[in-house]
1. Could you line up 125, 225, 50 from fewest to most neighbouring Cβ atoms inside 10 Å?
2. So what does log10 I(q)/I(0) come out to for the stretch 4-67 at q = 0.12, 0.18, 0.25 Å⁻¹, using the Debye formula with one equal point on every Cα and no solvent?
3. Over all distinct Cα pairs, what is the inverse of the mean 1/r for the stretch 65-212, reported as the Kirkwood hydrodynamic radius in Å?
4. How would 258, 293, 200 line up from fewest to most surrounding beta-carbon atoms within 10 angstrom?
5. For the chain, with a Gaussian network of springs between Cα atoms less than 10 Å apart, report the residue from 113, 223, 30 with the top mean-square fluctuation.
6. Springs between alpha-carbon pairs under 10 angstrom, Gaussian network model over the chain: which of 247, 91, 224 fluctuates most?
7. Which value in deg cm²/dmol, rounded to the nearest 500, describes the helix-derived mean residue ellipticity at 222 nm for the chain, given -39,500 (n - 2.57) per DSSP H run of n ≥ 4 and division by the residue count?
8. For the chain, just run the numbers: alpha carbon Rg, then divide by 2.2 N^0.38 Å, N being how many residues it has.
Ligand code: SF4
C-alpha cells in the first residue's frame, strides 16, 4: 500500500481510511480519528510514535501507512518591523509565500491560495507571475501549520490569532480547495479558528460570492481599489468581466447572509484613484451595503509604474469617507523591506512546459 499523507485527509476520509485500510473496528474509528486530528492540529504532532495514548501496534501501523510530511521552508526573511515572510517549498517543488504580521493585540497570518495568479492586477507583483497551479487544501492548511511550528504556537493562547487569504492568488478561482481548507481551519477539534478569525479576500469574482456566503461564511474582503468601472478596468482587468454594479449586488447578499460588514480594500495609487472625486464616488458605493474601507499604502516593487499616494492625501481621502459616516482606516504597510507587504508576493515557480 502506498503511503498516504495525513494532511490530504479531512476528518471524514481519515475515518474511512482507518476502517477500510487499517481495519480499525468501526465503533472505534471516530475516537481514533479525533485523537489523531487533535494531536496533529492542536499539538503539532510530528511522529505517531509520540502518541503514547495509542496501543504500540497501532502506532506502528500508522507510521507505516500515513506520512506526516509537510512542505519545507526554503527561506525566511524578517522585517525590521517584526513581520516574517516564509518561502515555502511544496512537496511537488513549487514555491509559495506566506507572511506573519505581529501586532500589539493580535497576530495575522496571510496565506496564499494559488502559485501565481491569472488576474494581472496592474499594481500587484504576484500578478506578474503566471498561474502555476491551484494549491490543494492541504497546501493551504500547511502554510498555517508551518507558521505555527516556527512560532511554537501550540498553547491555548494563540500567537496566530487571525488568518487572511490575501497572499498569492484569487481564492475564488480555487474555490473547492479554499472551502475545504477553511473547514479544516475552523474545526473545533483541530486548529479551531472561528469564522470571525478568518478573512477570504477576492478581487471580485462576483458569481462565486453568493456560494461563499452560504458555504464558507468567513469575513469577506473585496479588493475594490477604484470607485468607477473606468478606473477599475485600468488597474484590474477582471473588471471587464465583473462590473462594480455586479459586485455591489453580490456584496449586499453576502453581508445579509453572513450578517457582517464587508471590508473594501483600496490601494492608493498617486494620480489614479486618489482624488477627492474618487473618495466621494466611493461613499456612494459604501452607502449600498454594510461595509468599511481599508486604505492601503501602495508598496512599489521592481518594475512597477505606479507611485504611492502621499500620506497627507491619504488622510484627506479618508476624512471624506468618515465625514460621510463610514468607517475608513489607513492600513500601515508592513514588511515592505522584505517584499512581504500587500501585493508584493511573488516566487520564481514557473509552469513546466511539456512537449
Ligand atoms: S491583487 Fe490578488 S488577484 Fe490581483 S493579481 Fe495580485 S494576487 Fe492576483
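Every number in this text was worked out from the coordinates using simple rules, so none of it is lab data. Not measured: the values here are computed from a predicted model. FYI the Cβ positions are ideal-geometry reconstructions off the backbone, even for glycines, and counts take in every protein chain you see.
1. 50, 125, 225
2. Results for the stretch 4-67 at q = 0.12, 0.18, 0.25 Å⁻¹ read -0.24, -0.57, -1.23.
3. This gives a value of 15.7 Å.
4. Final ranking by Cβ density, sparse to dense: 258, 200, 293.
5. So, out of 113, 223, 30, the one fluctuating most is 30.
6. Per the Cα network of the chain with a 10 Å cutoff, 91 tops the list.
7. -10000 deg cm²/dmol
8. Normalised Cα radius of gyration, the chain: 1.05.
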